[in-house]
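Since the structure comes first, as structure tokens, the remarks are kept for the end.
FYI, it's all coordinate maths here, none of it is from the lab. As the structure is a prediction and not an experimental result, all values here were calculated from the model. All Cβ positions, even for glycine, are placed from backbone atoms using ideal geometry, and neighbour counts span all protein chains on display.
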Amino acid sequence: MEAEPAVAVCRVRVKPRQCDAQGMVHAIRYYEFFEDGFLEWLDRFAGGYGAVRADGVDLVIRANGCDYRGSARLDDILVMEVAPTRIGRTSLSMSFTMRREQDGGTVVIGHATYVAVAGAGAVDLPERLRRYG
């Protein structure tokens, strides 16, 4: 029997503060959506960010990026799929795919790599995260 993929699905309603003067989501806001999605993924699959911290590690962003495929506007509902793409000894890479709920159009595809740190450097990921690799 194959393991169920560790995909969290999040819904985001675009608010006025997330838009630019043209009423479109400002490019930088997607990174905030990704971070919220990652925290939701941690809640669902790893016991939450507090549990990771209780393991004695913190997670810091090593790299991230965003491929803009479309646009989202005020009051759009965006559906974001958050999933791990690579799990290494000390790092966890995630993907974030956001689509408009009303038509399924892809708006952005993002990625981020988080590194487990403690004290002065990188440490092994806690088991609660490694098990998805």
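By how many degrees, between 0 and 90 and to the nearest 10, does the Cα long axis of helix 29-46 differ from the longest principal axis of the chain? Long axis of 29-46 versus the principal axis of the chain: about 40 degrees. What does the charge count around G119 come to, taking other residues whose C-beta lies under 15 Å from its C-beta (Lys +1, Arg +1, Asp -1, Glu -1)? Summing Lys/Arg as +1 and Asp/Glu as -1 gives -2.
Where in segment 108-133 does the label zone of A54 land, with the point 7 angstrom along Cα→C-beta and an amide N cut-off under 18 Å? Residues 126-131 qualify, since their backbone N sits under 18 Å from the label point.
Residues whose amide H falls under 5 Å from that of G105, counting only those 5 or more places apart or on a different chain, are R100, with hydrogens built in the peptide plane.
The mean sequence separation of alpha-carbon pairs under 8 Å and at least six residues apart, normalised by the residue count of segment 1-57, gives a relative contact order of 29 percent.
Per residue of segment 80-96, in order, report the coupling 6.51 cos²θ - 1.76 cosθ + 1.60 (Karplus, θ = phi - 60°) as ³J(HN,Hα) in whole Hz, putting x for Gly and Pro. Running phi through 6.51 cos²θ - 1.76 cosθ + 1.60 with θ = phi - 60° gives 10, 9, 10, 8, x, 10, 7, 10, x, 5, 10, 10, 9, 9, 10, 10, 9 Hz.
Convert 37 °C to kelvin, take the viscosity as 0.692 mPa s, use the Kirkwood radius over C-alpha pairs of the chain as Rh, and evaluate the Stokes-Einstein diffusion coefficient in µm²/s, rounded to a whole number. Answer from the Stokes-Einstein relation: 211 µm²/s. Other residues with beta-carbon under 10 Å from the beta-carbon of V14 carry, at +1 per Lys or Arg and -1 per Asp or Glu, a net charge of +4.
Evaluating 6.51 cos²θ - 1.76 cosθ + 1.60 at θ = phi - 60° for every residue in segment 5-20, the Karplus couplings come out as x, 8, 10, 9, 10, 10, 10, 10, 9, 5, 9, x, 5, 8, 9, 8 Hz, glycine and proline recorded as x. Computed on segment 40-133, with alpha-carbon pairs under 8 angstrom and 6+ residues apart, the relative contact order is 32 percent. Approximating the spin labels as points 7 Å out from Cα along Cα→Cβ, the R44-to-R62 distance works out to 2.4 nm.
Of the residues A63, A118, A21, the one that moves most in a GNM of the chain with alpha-carbon contacts below 10 Å is A21.
For segment 74-127 versus segment 37-61, the spacing of their alpha-carbon centroids is 12 Å.
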